[in-house]
Amino acid sequence: MVYAIIQTGGHQYRVAPGDYIDVEKLDAQPGKDVELGEVLMVSGDNGVQFGTPFVSGANVIAKVVRQGKGEKLIVFKFKAKKRYRRKTGHRQSLTRLSIKEIVG
């Protein structure tokens, strides 16, 4: 089984061809291909390659499926006995990617 561990947006993901992942927003239009070059590890037919910190010559090609937002997070600040309450929300901008192939 061919898979890789990539890094994007400060997070690490284990991906294989055919997978769908949600990453922090990338500046790309839906339907376009993006190349993710920060590959930390590649596992394939000819063994496992680890990078220091990245595997040289390895790339992951992915297609942008859509741009969207994640689930709403509630941020509630409270101080006891001081009548202080603040309620706000946050929705992270996300990009859904479809992994096409792992090169290298």
Being out of contact with any Lys or Arg (no Cβ under 6 Å at 6 or more places or on another chain) and within 28 Å of GLN92 (Cα to Cα) narrows VAL23, VAL55, VAL48, VAL2 down to just VAL23
Of the residues in segment 35-66, those that are surrounded by 15 or more Cβ atoms within 10 Å (Cβ to Cβ) and of a type in the set (S, T, N, Q) number 3
Does LYS32 satisfy the condition of being farther than 12 Å from ALA62 by Cα, surrounded by fewer than 16 Cβ atoms within 10 Å (Cβ to Cβ) and touching a residue at least 12 places away in the same chain (Cβ under 8 Å)? no
Test VAL39 against the stated conditions and say whether it is farther than 18 Å from VAL103 by Cα, within 13 Å of the chain's Cα centre (by Cα) and β-branched (Val, Ile, Thr). no
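Where a number appears in this text, it was derived from the coordinates with a stated rule and is not lab data. Because the structure is a prediction, the values reported are computed rather than measured. Methodologically, a virtual Cβ is constructed for each residue, glycine included, from the backbone with ideal geometry; neighbour enumeration extends over all protein chains shown.
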